[in-house]
1. Does anyone have the angle between helix 57-74 and the longest principal axis of the chain? Alpha-carbon axes, 0 to 90°, nearest 10?
2. How do 38, 66 stack up against each other in accessible area, from largest to smallest, with a 1.4 angstrom probe?
3. What number do you get for the chain when its Cα radius of gyration is normalised by 2.2 N^0.38 Å, N = residues?
4. For the chain, with every protein chain kept in place, what is the accessible area per residue (1.4 Å probe, Å²)?
5. Keeping every protein chain in place, order 44, 39 by accessible area at 1.4 Å, biggest value first, i.e. largest first.
6. Please report, as a whole percent, how much of the solvent-accessible surface of the chain comes from carbon and sulfur atoms (probe radius 1.4 Å).
7. Just to make sure I understand: if all protein chains stay in place, what is the order of 5, 19, 14 by accessible area at 1.4 Å, largest first?
Amino acid sequence: RNVLECLIYATLLENATFEKADEALTALHRDYFDFNEIRVAGVRDLSDTFAMLPRPAVPAERVRSILQHVFEHSY
């Protein structure tokens with residue numbers, strides 16, 4: 001995994017098991033084309049992708065926030 005994927009994985013892992021975080025990361029890659037698509041996705045859509053996690057809206061918002069920060073810093 002690259003650094004950005006590790007940061008996202010750490011966000012998914014918070015309050016979840018390794019198995020659930022792995023499942024969520026796999027679902028993220030399955031449901032979205034790239035990180036930019038994830039960045040502009042709605043929290044509800046990401047929450048649906050993270051349904052296997054406890055309180056899926058929390059990691060959904062954090063993942064979007066991380067990606068938005070990287071985008072603003074880089075572009």
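The values are calculated or read from the model by the stated rules, or taken from the named source; none is laboratory data. Quick caveat: nothing in here was measured; it's all calculated off a predicted structure. Accessible surface is based on the protein model in full, side chains and every heavy atom, while ligands, DNA and RNA are left aside. Shrake-Rupley method; radii C 1.70, N 1.55, O 1.52, S 1.80 Å.
1. Around 20 degrees separate the two axes.
2. Ranked list, largest accessible area first: 66, 38.
3. On the way: Rg = 11.2 Å, N = 75, 2.2 N^0.38 = 11.3 Å.
Working it through for the chain, the quotient is 0.99.
4. On the way: 4820 Å² over 75 residues.
That works out to 64 Å² for each residue.
5. Sorted by accessible area, descending: 44, 39.
6. Details: 2630 of 4820 Å².
Answer for the chain: carbon and sulfur cover 55 percent of the accessible area.
7. Details: 5 35, 19 130, 14 95 Å².
The residues order as 19, 14, 5, largest area first.
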